[in-house]
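The values are calculated or read from the model by the stated rules, or taken from the named source; none is laboratory data. Remember, it's a predicted structure, so these values are computed and weren't measured experimentally. Ideal geometry is used to build each Cβ from the backbone, glycine not excepted, and the neighbour counts take in all protein chains shown. Only protein heavy atoms, including side chains, enter the accessible area calculation; ligands, DNA and RNA are left aside. Shrake-Rupley method; radii C 1.70, N 1.55, O 1.52, S 1.80 Å.
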Amino acid sequence: NVMKEFGPELFGVVVDPDNSSKGSWGLKGRKGTMRSVGIGTAIEGEGIHFGAIDDPLDPEAAASPAQLDSAWDWYTDAYRPRLMQGSTTLLVMSRWGLRDIAGRIEEHQAKTPGSDPWRTVRLPAIAEAPLDADLETWRDELGRADGESLWPERWPVEDLRQIQLSI
């Protein structure tokens, strides 16, 4: 719906009316489709040029070793083999522990030279400088100084600190 509304004006593209279901849609006059699937969904026969994995686990699933293993198995057995040469994956997720998908990718990358290159960008709600950082000059990926809010208009740092104290 967002692409239908803004695609023509912002990107000069139109969603193909013959290929526009909620879970799979394409652009009129263009090759390829966008397909939405969940962890565990079969994607055999699909080639992926750009994949976005968005919050693959909720807190309950992340607390289950079996569900952590299942998510990792889906990534390694179904998702990763479908990546085409030169493809990109964007993994956006809350970190729930070292055994989540991001943690396992980082662990594998450290142990296996030549494996897929990943760049980790960490954006906590409140910017956190490393312990050895010069607080006068340190800035995170977005240019925030230590202690600044990720989205100050929506979540002022005082509100975030109250949430921290409450939970």
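Pick out the one residue from G23, G7, G29 that is exposed (fewer than 10 other Cβ atoms within 10 Å of the Cβ), out of contact with any helix residue (DSSP H, G or I) (no Cβ under 6 Å at 6 or more places or on another chain) and among the small types (G, A, S).
After ruling out the rest, the residue left standing is G29.
Under the condition of being touching a residue at least 24 places away in the same chain (Cβ under 8 Å), among the small types (G, A, S) and part of a helix (DSSP H, G or I), which residue from the stretch 56-87 is most open to solvent (accessible area, probe 1.4 Å)?
Filtering first and then ranking leaves S70.
Criterion first (surrounded by fewer than 11 Cβ atoms within 10 Å (Cβ to Cβ), closer than 24 Å to P124 by Cβ, free of Cβ contacts under 8 Å to residues at least 40 places away in the same chain and not aromatic (F, W, Y)) does A110 satisfy it?
yes
Check off (1) buried (at least 16 other Cβ atoms within 10 Å of the Cβ); (2) closer than 21 Å to S115 by Cα for I39 and give me the number that stays unchecked.
Just one mismatch for I39, condition (2).
Collect the residues in the stretch 81-103 that are among the basic types (K, R) and under 17 Å from P59 (Cα atoms), keeping them in residue-number order.
Passing the criteria: R95, R99.
I'd like the residue in the stretch 134-146 that is loosely packed, with under 13 Cβ neighbours inside 10 Å and of a type outside the set (S, T, Y) and, out of all such residues, is farthest from R119 (Cα to Cα).
E136
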